[in-house]
Every structure is written in C-alpha cells, then in structure tokens.
Amino acid sequence: MKIGEAAACLGISVATLRFYEQKGLARPLRSEGGTRYYDAEGLDRLRVILDLARLELPLDGLAELAGIRAAHASGDSASHAVESHLAALEAELVEKQKHLRAMLADLRLARQRLTGCHACPKPPTRDNCTGCAVADTLLATRVMHLVWDEAQS
C-alpha cells in the first residue's frame, strides 16, 4: 500500500506518516523506483504507534523502544532492555489511568448533581445561586470550577 493509501487507511495525513518515519517509528518498504509502501505488518506497527501516541506517550521514548533490538548484540540483553522500557511505559500509563479515573468520577458526580438544576428558572449566575444547596454540592466537584462563572467585582 502506497504512503497516501496507508495514511488514509490509518486516518492520518501523509505528513504525519513522514514525521513518524523521521522519528524512526515508521519503516516503509521501498519499491525499486524508491516509492514508499507499507505491507500489513508495517500497518500493524503503525496502528500500535498511533494507539500509544494517542495515550500521549512521548514519541522519542517509542522510537527508543522500537530501536532496542537492533541496538543489542544478544537476545538476552535486548529482552532485558525491552522489558525495562515496557515497565516504564506501564508505570506511566498506570499514572495516567489514575488521573483519568479520578476525572471520570468527578465528571459523573457533577452530572449527577446537575440534575438538581434542571427545573431551576433563575439565570445561572453566582449571585442567583448563592445559598442554593445544589450549587454548593456542584462546587464540591472539580470540573464545575471550569463551568462556574467568576465572582463579579
């Protein structure tokens, strides 16, 4: 599959695919004429890269992981290096997962508490909501600090 077709198949731009190539993440095959193309294995590799990149893992770290086997003389040393790198990625993802779970819980709680405002006829301003029990519970959630208007001076 040519580079344009591969990019379309993956839902990314050709420029992104070339950027991944420059980073050492994408390794296209080349035709005799020099045209880049990707086989099924190359597309699978790119799908993994895209999944990890969407999780905001650093591309430099992924490139390092991708090059570990080639940088080692034995399976023993390569496997230990890969294992160490995977453990670091796992720790990073576990930390991200903790933050995601906390934010999800906060969003769910805010949504649940917002139902108390559904029948409220007042304009949703801090002045109108002062003293409202629902407003007080809403401000106990983190996300509502983004939504709540700033105090008027």
Quick one: in the range 108-142, which of the residues that are in contact with a Lys or Arg (Cβ under 9 Å, 6 or more places away or on another chain) and among the aliphatic types (A, V, I, L, M) is surrounded by the fewest Cβ atoms within 10 Å (Cβ to Cβ)? Ala140
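Does at least one position in the range 93-111 carry a residue that is among the charged types (D, E, K, R) and touching an Asp or Glu at 6+ places or on another chain (Cβ under 9 Å)?
Within the range 93-111, one or more residues are among the charged types (D, E, K, R) and touching an Asp or Glu at 6+ places or on another chain (Cβ under 9 Å).
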Which condition number in (1) touching a residue at least 24 places away in the same chain (Cβ under 8 Å); (2) assigned to a helix (DSSP H, G or I); (3) under 27 Å from Tyr20 (Cα atoms); (4) not aliphatic (A, V, I, L, M) is the one that His80 fails? (1)
Residue that is surrounded by the most Cβ atoms within 10 Å (Cβ to Cβ), among those in the range 25-42 that are part of a helix (DSSP H, G or I) and free of Cβ contacts under 8 Å to residues at least 12 places away in the same chain: Glu41
Filter pass, Asp51 being under 27 Å from the mean Cα position of the chain (by Cα), surrounded by 13 or more Cβ atoms within 10 Å (Cβ to Cβ) and modelled with pLDDT of 95 or more: no
If Ala88 satisfies all but one of (1) within 22 Å of Met1 (Cα to Cα); (2) part of a helix (DSSP H, G or I), what's the number of the condition it fails? (1)
Residue pairs within 9 Å by beta carbon, gap of at least six or interchain, first lying in the range 1-24 and closer than 19 Å to Asp60 by Cβ, second of a type in the set (Lys, Arg), listed first then second, are Leu17/Arg36; Arg18/Arg36; Glu21/Arg27; Glu21/Arg36
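The values are calculated or read from the model by the stated rules, or taken from the named source; none is laboratory data. Since the structure is predicted, the reported quantities are computational estimates derived from the model, not experimental observations. Positions of Cβ are backbone-derived with ideal geometry, glycine not excepted, and every protein chain shown enters the neighbour counts.
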